[in-house]
Every structure is written in structure tokens, then in C-alpha cells.
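Notes follow the structure.
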Amino acid sequence: MRPTLPQFRGRLHDPRTAVAIGRWLGTAVLVCFLTGLISHFLQHPPGWMAGLLPTRPTWGYRLTQGLHVASGLAAIVLVMAKLWTVYPRLFAWPPFRSPAHLVERLTIALLVAATVFELFTGLINILQWYPWPFSFTSTHYAVAWIVAGSLLLHLAVKAPLIRDNWRSRPGVDTADRRALLTGVGAAVGAVTLTTVGQAVTPLRAFDLLAPRNPDVETQGLPINRTAAAAQVTYASSDGWALEVTGPKPYRITLAELNALPQMEVRLPIACVEGWSANAWWTGVPIRDLLDRAGVPRGTSLRVESLEVWGYYRTMEMPAQYADDLTTLLALRLNGEVLSLDHGYPARIIAPNRPGVLQTKWVSRIEAL
Ligand SMILES: Nc1nc2c(c(=O)[nH]1)N[C@H]1C(S)=C(S)[C@@H](COP(=O)(O)O)O[C@H]1N2
Ligand SMILES: [Mo]
């Protein structure tokens, strides 16, 4: 028996509106997916890929991760609009007409669930909140493939409908639709403008909604993991000396490092959580430190931190970054000695790498 179902008379729950919003959403999801892949492989390259990761442009990751977070935030608005357009179909009767139709609807359920999961975990991640028991990075990465697969399937199944509704046809509801799309566009614009300043420095003044509060900046740069969180104190760096391994291993004190030829570079910190900023870094080129240990060019490194516990206590650096002229063991930031929160006594800064790999409180550099 057919249950009593709600009746929908709104004219904008039609395929043409779904296609119009779907195009924008599809673009946002594509940008988000591709930039997400870049972020994943820069952080976790399979062995064969590690040596191929590019060190240029120096701001490459800053751009791709800024786009990743901006397209993800835009997609939140677009998904809501898209779901609103199509939700009357939830009440379609009968719920499915054939086994193939059932499979199609289940695929859409999977697509919606996976997309909502990605946007929700991503949003909570940029708020630096991790209220779940699983690893964010590996789960967010795995579910991205579910989104990609079920989206391709969805596009294939709906291809005829998309084709038929690609162009608008003049009709009575054109004005309604234009108003809806303008509203959705304005919402996307507002979300973008009030968050993108965390990565686009000239728009910082509009950065009202992004979690990164410019007021917490010290030395002109936000702090992600504080020294207190990492349980590093000035006392733990008392008597600090950097250990460098290689054919001629050695230890070197901060005073000795300061006496070596210094190099100054302008490089960004680009956090995976979406904020980024340029800074001036002064310190000793990693390559110079390796030369003293007799480490040949083309050697990859493992860098260790004073940090007691943390996912980013150790970091691996492929050879092309270690050999790059701009990769420093930085001692100063924007002209001042590094604060403890920024990694005193010494930290890594390298071009075109995610912030999580810019290791602070370095204690040891090991040639692999
Ligand atoms: N040892 C160590 N280094 C670390 C981290 C960490 O957790 N431990 N966090 C990283 C992250 S996530 C970022 S974005 C940068 C931020 O550097 P800043 O706090 O100096 O801006 O440091 C990186 N260096
Ligand atoms: Mo970060």
C-alpha cells in the first residue's frame, strides 16, 4: 500500500537545478580531491616516489593546500544546496523500481555518506579538533577514494540527464532558479572570503571565520603545536648539541652553529590544516652540515626532535630536499632567535613541504 508522502510543489527541485549546482560541486570536489592527493603523497610518498617529489615552486604546497581547504569549505555550502534540491526524491514511491535502480540509489547513499564524512572530518581537522579514535590522515585519504569512485558511477548513471539539462531552457522558473543560484554563489563567496585569509595574506583582514587567530601569532607566524604541548622546555634544550650522523659523525653546539656561515631564505610554513604564512628564516644550510659529516649528495635523512611524544617527532627527508640550497637548520625567524614555540634551539625549514614536516626542536640528523 502506498503510504501518505509529502507533496513537493517547489519548482527548483528539478534536474536542471541539480545539474547547475552539481557542476559547481563537481568542480569543488575535483579540486579538493586532486589537491588532497598532492598533500597525501608529499607526506606519505611510496618508496619509488620519494625521490621524485619537487622542491619547486617553494610555495607549491602553500597553494595546493590553500585550495584544498578553500574548495572543501565551498563544497560544504554546495552539498547542502544540492541535497536540498534533490531531497524530495527520498520520498519517491516505490523506493526502487528494479534491482539496477536499487543499486543506483545505494551508490548515491554511499556517495552522500562518504562526502559528508570527508567534509565533516576535514572541517573539524582545520579546527584542530580530533574527537575520533581513528587516524585522521589515513581515514580521510581512504574515504576520498570512495567519494571519487561513487561520484564517477553517479556521473555515468546520470549522464543522459546531465546532458539534457546542461543548458538552461527559457521557461517560467528561470528567474527563481537564477535567484537560488545567486544565493548559493553568494554563500560560497561569503564562506570563502571569511576563511581564505588564513592562507592568502592580503585577505587576512576578512579572515573572520577561520580558526587561525592572527592574534596568537608570535614572531609573525602562527603556532600549531606549542612547546608546552610537545613537553619541550628551555631546560630540555640546556646543554643541547645537535648530533649529525654519517661517515664522520659529530656533535655541534648552538654557539658553534651560530658561528658557521648563515643563510637567509624566505619560505612559507603551509600547515595541512589550511593556514600558511611566509617568513624570513636564518640558519645553516643542511647541506653544509652534511658536508662536515662526509655525507654524499643524494642521501636522504631522518630528523629527530627533542619532543617526548608526537606524530611529528621524527621526519624523513628525501635527498632532493636535503641537497636544496634553501633547506636550512633555522636558528632565527624574522630576524629574532627562534622562540621556544617556533622550535628553539633549531628547526627545519625546507621548500614546498607540508608544515608537519618542518620539524621543530631538532636534536639529531641521521643520514640514511
Ligand atoms: N617536533 C615537531 N615539529 C613540528 C610539529 C610537531 O608537532 N612536532 N608540528 C608541525 C606543524 S603541524 C606545523 S604547521 C609547523 C608550524 O610551525 P610554527 O609553529 O613555527 O608556525 O611546525 C611543525 N613542526
Ligand atoms: Mo601543521
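With Cα atoms as the point set, the radius of gyration and Dmax of region 177-270 evaluate to 22.2, 71 Å. In order along region 341-346, phi translates into HN-Hα couplings of 5, 8, x, 3, x, 7 Hz, rounded to whole numbers, per the Karplus curve 6.51 cos²θ - 1.76 cosθ + 1.60 with θ = phi - 60° and x for Gly and Pro.
Expressed in Å, the radius of gyration and Dmax of the Cα atoms of region 42-132 are 19.0, 56.
Bridgeable aspartates and glutamates around residue 248 (alpha carbons under 19 Å apart, same-chain partners fewer than 8 residues away excluded): 256, 288, 291, 304, 323, 366.
Distance distribution P(r), region 218-367, all Cα-Cα pairs, bin width 10 angstrom from 0: 12, 46, 37, 5, 0 percent. In terms of accessible area, using a 1.4 Å probe and ignoring ligands and nucleic acids, 251, 225 rank largest first as 251, 225. Only one residue of 145, 197, 228 has its Cα farthest out toward the positive end of the dipole of region 85-232, where Lys and Arg carry +1 and Asp and Glu -1 on Cβ, and that residue is 145. Two numbers describe the Cα atoms of region 104-152: Rg and Dmax, which are 11.4, 36 Å. Enclosing the Cα atoms of region 159-198 in their convex hull gives a volume equal to 85 cubic angstrom per residue. Helix 15-43 and the long axis of the chain differ in direction by around 20°, with both axes built from C-alpha atoms. Of all DSSP beta bridges confined to the chain, the antiparallel ones make up roughly 95%. Compared with the dominant Cα axis of the chain, that is its longest principal axis, helix 60-86 is turned about 20°. Residues 256, 366, sorted by accessible area with the largest first, give 256, 366 [1.4 Å probe; ligands and nucleic acids excluded]. Here the accessible area is traced with a 1.4 Å probe on the protein chains. For the chain, carbon and sulfur cover 66 percent of it.
Using the Kirkwood formula on the Cα atoms of region 15-206, what hydrodynamic radius do you get, in angstrom to one decimal? About 18.6 Å, per the Kirkwood formula over Cα pairs.
Counting only Cα atoms, the size of region 1-80 along its three principal axes is 63, 28, 17 Å, in decreasing order. Comparing 321, 234, 311 in a Gaussian network model of the chain, where Cα atoms under 10 Å apart are tied by springs, the biggest mean-square fluctuation is seen for 311. According to the Cα-based calculation, Rg over Rh for the chain is 1.08, with Rh computed by the Kirkwood formula. Between helix 174-193 and the chain there is an angle of about 10 degrees, using the helix long axis and the longest principal axis of the Cα atoms. Normalised size of region 1-46, defined as Cα radius of gyration per 2.2 N^0.38 Å with N residues, equals 2.04. Within straight-line reach of residue 82, meaning a Cα separation under 17 Å, sit the following lysines at least 8 residues removed in sequence or on another chain: 158.
Spin-label model, residue 206 to residue 130: label points 7 Å out along the Cα-to-beta-carbon direction sit 3.2 nm apart. Sequentially through region 99-109, phi angles give Karplus couplings (6.51, -1.76, 1.60; θ = phi - 60°) of x, 5, 5, 4, 4, 4, 5, 5, 4, 5, 4 Hz, Gly and Pro residues having no value and appearing as x.
The magnitude of the dipole of region 218-367, with charges of +1 and -1 set on the Cβ of Lys/Arg and Asp/Glu and taken from the Cα centre, is near 140 debye.
The values are calculated or read from the model by the stated rules, or taken from the named source; none is laboratory data. This is a predicted model, so every value here is computed, not measured. Here Cβ is always computed from backbone atoms with ideal geometry, including for glycine, and neighbour counts include all displayed protein chains. Please note that ligands, DNA and RNA were not included when accessible areas were found on the heavy atoms of the full protein model with its side chains. Shrake-Rupley method; radii C 1.70, N 1.55, O 1.52, S 1.80 Å.
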